[in-house]
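To start, the structure itself, in structure tokens.
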Amino acid sequence: MYPEITTPADYLDHYKKSVEDPGAYFAEVARSYIWIKPWHRTLEYDLPQGFIRWFDGGQLNITQNCLDRHALSHPDQPALIWEPNDPSESSRQLTYRELLEAVGRLANGLRQLGVRKGDRVCLYLPMIPEAAIAMLACARLGAIHSVVFAGFSPESLADRINDAGCTVLITADGFSRGDKFIPLKELANQALAVCPQVRHVVVVPRTGPYKPKNAREILWNDLLAGQPTQCEPEPMEAEDPFFILYTSGSTGKPKGVLHTCGGYMVWAGYTLRNVFQTRPGEIFFCTADVGWITGHTYGLYGPLLNRLTTIFFEGVPTWPHSGRLWEIVEKHQANVLYTAPTAIRALEMLGGDIPDQYPMTSLRVLGSVGEPINTEAWHWYYTHVGKGRCPIVDTWWQTETGGILISTLAGVTPSVPAWATLPLPGVQPVLLDDKGHEIPLDAPSSQGYLCIKSPWPGMMRSVFGHHQRFVETYLRRFPGYYFTGDGAIRDSRGNFRIIGRVDDVVNVSGHRIGTGELEDAINQHPTVVESAVVGVPHPIKGEALAAFAICSEPPLDSSALRSELRDLVIQKIGRFAVPDFIYFVPGLPKTRSGKIMRRLLRKILAGDSDLGDTTSLLDPTVLDAIRKIVEQDCKN
Ligand code: WT7
């Protein structure tokens, strides 16, 4: 039996088997891939210690499963279709054979630069085919890629390069997103000034001819020139590190989430196939950038593992016209469209008559990811994009989980607007109360902390270089469980609805922003003494950011100071993290022990007059002062 789920009865049957004997179930799944050496033990774990091993003793290389086998059986099938930002530029296609060859040449080039198994390579690239080629070439060599989203600032890039100890950076000269030009190489240069261990900088000439400026730079084309297309895949242990992807948490610097080779591959392939019910040869359009986990798992690895054709889109959904996304669906005959609620809501604002002009008959399934999808957006997506004939899968997961954990299976299990619904086989979600007790299935009200009871193959294995941080962040709060950081509710049939983060993480347009990280950036301004950042509901972005800052003296020109703070955030983190609202306040609501009560700030912003019990505050009068400042601002 290949674990393929095509009926509701299959789902129940698979789920039961996967929970009774996860090892046996996923061994069956894993056997459908090419392994260089079989594993001897499918699963071994001790969750509170952060010890998780799947397919121990097995050896593989994911690129054989993504490329070689398809290049042999279907050499001329497109593996990747690239749609440029500017529709007047031609799109590009790479067949499985061509992609395998390009990957082989780059891998040989990188090997010549000295890149070896276990070395870290940073990618700071736009959505171009070279990003896919570079990721796969690293995988071919067993080098660990760390993709940094091209919207991050030089300081963020430098922090990530240094934390991972990357010795090679692959970047591009520049690119445009919509009508905005991003001088990527200049940004990279600022970062490189403080990254002495980077030995080589490979530059993709995206905007025109590029000449290397110094000894450590090498042009992409020069690196590939004369390289053979064949490159032996490095045999990887199932639990060898595969890639690092940084993500923000509630405290401290971003964490380098570490995924490993075997489990990630199995999970990426399995979840994509079953959630989206794809067949080999289909066209899969995931709009996420490769700089995020969705771009890794469902933009690249998952589609290739399933012999799909993946669409890489460099631009934005509404440029140069409001029907661009629908135009791409039609142009490339996409069968699946997978995007974020924030994009759906932004497109919805432009009116249903725009997608109505595009029949999009190729579409079979629609997906949503990154944040809760509200009922209205769900219906709009279903009616105007799916024309009432495409099931919607609301997929809940995280950078840490590697792939989807809770979702409807398209057309197989029932979908309910705003509900992620049921766990995938192998996933045992539970709701815990404040004391860490499991809320029983028959409890009258089932709302709690969403935790997962036992490991699934795609689970993160560590925080790169800081294993203790992995254990403390995810595995110690509720011993014996993986803690997601989300709150959820559950109905009597076991369906889950995700409510959102219960920690100090804000989800802006599907991007995770740690409030602590943002406060650290704001506090670096010489006049800011202290600050607090909270999320507020926003009709399109899901959540917007509001910052409250205490200054050493009242600002003379608050709008000038606001723009200085915005610039500071752009410099420290990136434009996407700039707060929508900045208030200068005389104090912050703090407990006697010094903890900022962010909950009260959120209530003031919501115009809620009932702040509840404020007796634990050091100085409750500060609340009135803050309220006046917020109200004043609303009137302006
Ligand atoms: C956080 C993870 C999953 C890849 C993209 C984001 C929120 C994600 C959903 C959903 C409600 C969702 C959660 C989660 N989230 N998907 N379908 N419904 N919330 O990955 O940056 O690691 O963020 O996104 O709060 O914890 P990420």
- Task: From (1) more than 18 Å from residue 128 (Cα to Cα); (2) within 16 Å of the ligand (Cβ to nearest atom), pick out the condition that doesn't hold for residue 295.
- Result: (1)
- Task: Would you check if there is a residue in the stretch 370-384 being under 30 Å from residue 261 (Cβ atoms), in contact (Cβ under 8 Å) with a residue 24 or more places away in the chain and open to solvent by less than 10 Å² (accessible area, probe 1.4 Å)?
- Result: no
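Please state which one of 487, 542, 535, 514 is at positive phi and either open to solvent by 10 Å² or more (accessible area, probe 1.4 Å) or touching a residue at least 40 places away in the same chain (Cβ under 8 Å) (or both).
Result: 542 is the single residue among 487, 542, 535, 514 that is at positive phi and either open to solvent by 10 Å² or more (accessible area, probe 1.4 Å) or touching a residue at least 40 places away in the same chain (Cβ under 8 Å) (or both).
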- Query: Taking the stretch 383-396, which residues are aromatic (Phe, Trp, Tyr) and at positive phi?
  - Reply: none
- All but one of (1) open to solvent by 40 Å² or more (accessible area, probe 1.4 Å); (2) modelled with pLDDT of 95 or more; (3) in contact with a helix residue (DSSP H, G or I) (Cβ under 9 Å, 6 or more places away or on another chain) hold for residue 608; which doesn't? (2)
- Identify all residues within the stretch 182-225 that are touching an Asp or Glu at 6+ places or on another chain (Cβ under 9 Å), in a loop (DSSP other than H, G, I, E, B) and touching a residue at least 12 places away in the same chain (Cβ under 8 Å); write none if there are none. 194, 205, 206, 207, 208, 210
- Message: Of all residues being aromatic (Phe, Trp, Tyr) and over 25 Å from residue 372 (Cβ atoms) in the stretch 302-352, which is most open to solvent (accessible area, probe 1.4 Å)? Just the residue, please.
- Response: 319
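This table checks each residue for (1) at pLDDT below 95; (2) touching a strand residue (DSSP E or B) at 6+ places or on another chain (Cβ under 7 Å); (3) under 25 Å from residue 255 (Cβ atoms); (4) of a type in the set (Gly, Ala, Ser).
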residue	(1), (2), (3), (4)
157	no, yes, yes, no
160	no, yes, yes, no
166	no, yes, yes, no
170	no, yes, yes, no
173	no, yes, no, no
183	no, no, no, no
186	no, no, no, no
224	no, no, no, no
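Matching residues to (1) within 30 Å of residue 140 (Cβ to Cβ); (2) β-branched (Val, Ile, Thr):
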| site | (1), (2) |
| --- | --- |
| 294 | yes, yes |
| 298 | yes, no |
| 302 | yes, no |
| 311 | yes, yes |
| 325 | no, no |
| 335 | yes, no |
| 342 | no, yes |
- In the stretch 125-181, residue surrounded by the fewest Cβ atoms within 10 Å (Cβ to Cβ) [restricted to those that are among the acidic types (Asp, Glu) and in contact with a Leu (Cβ under 9 Å, 6 or more places away or on another chain)]: 173
- Identify the residue in the stretch 444-464 that is more than 15 Å from the ligand (Cβ to nearest atom) and open to solvent by 70 Å² or more (accessible area, probe 1.4 Å) and, among all such residues, is nearest to residue 416 (Cα to Cα). 445
- State which residue is nearest to residue 466 (Cα to Cα) when the search covers only the stretch 34-48 and only residues that are in contact with a helix residue (DSSP H, G or I) (Cβ under 7 Å, 6 or more places away or on another chain) and open to solvent by 20 Å² or more (accessible area, probe 1.4 Å). 48
- Within the stretch 468-475, identify whether any single residue is within 25 Å of residue 339 (Cα to Cα), open to solvent by 10 Å² or more (accessible area, probe 1.4 Å), within 16 Å of the ligand (Cβ to nearest atom) and within 24 Å of the chain's Cα centre (by Cα), and answer yes or no. no
- Message: I'm trying to understand the selection: among the residues of the stretch 235-257, which are closer than 17 Å to residue 103 by Cβ and open to solvent by less than 50 Å² (accessible area, probe 1.4 Å)?
- Response: 236, 242, 243
- Do we have residue 553 as within 21 Å of the chain's Cα centre (by Cα) and not basic (Lys, Arg) here? no
- Query: Could you count how many residues in the stretch 262-286 are touching a strand residue (DSSP E or B) at 6+ places or on another chain (Cβ under 8 Å), at negative phi and surrounded by fewer than 24 Cβ atoms within 10 Å (Cβ to Cβ)?
  - Reply: 3
- Item | Number of positions in the stretch 287-301 that are without any contact (Cβ under 8 Å) to a residue 60 or more places away in the chain and either open to solvent by 10 Å² or more (accessible area, probe 1.4 Å) or of a type in the set (Lys, Arg) (or both) | 1
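Matching residues to (1) within 13 Å of the ligand (Cβ to nearest atom); (2) closer than 23 Å to residue 295 by Cβ; (3) not polar (S, T, N, Q):
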{"residue": "346", "(1), (2), (3)": "no, yes, yes"}
{"residue": "357", "(1), (2), (3)": "no, no, no"}
{"residue": "379", "(1), (2), (3)": "no, no, yes"}
{"residue": "383", "(1), (2), (3)": "no, no, no"}
{"residue": "386", "(1), (2), (3)": "no, yes, yes"}
- Looking only at the stretch 400-411, and only at residues there that are out of contact with any Asp or Glu (no Cβ under 8 Å at 6 or more places or on another chain) and part of a loop (DSSP other than H, G, I, E, B), the one that is farthest from the ligand (Cβ to nearest atom): 411
- Task: Would you check if there is a residue in the stretch 541-548 being farther than 30 Å from residue 148 by Cβ and part of a loop (DSSP other than H, G, I, E, B)?
- Result: no
- Query: Any idea how many residues of the stretch 415-435 are open to solvent by 20 Å² or more (accessible area, probe 1.4 Å) and away from the ligand (no atom under 16 Å from the Cβ)?
  - Reply: 4
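The values are calculated or read from the model by the stated rules, or taken from the named source; none is laboratory data. The structure displayed is predicted, hence computed values, not measured ones. Cβ: placed from backbone, ideal geometry, glycine included. Neighbour counts: every protein chain shown. Side chains are part of the model used for accessible areas, which takes the heavy atoms of the whole protein and leaves out ligands, DNA and RNA. Shrake-Rupley method; radii C 1.70, N 1.55, O 1.52, S 1.80 Å.
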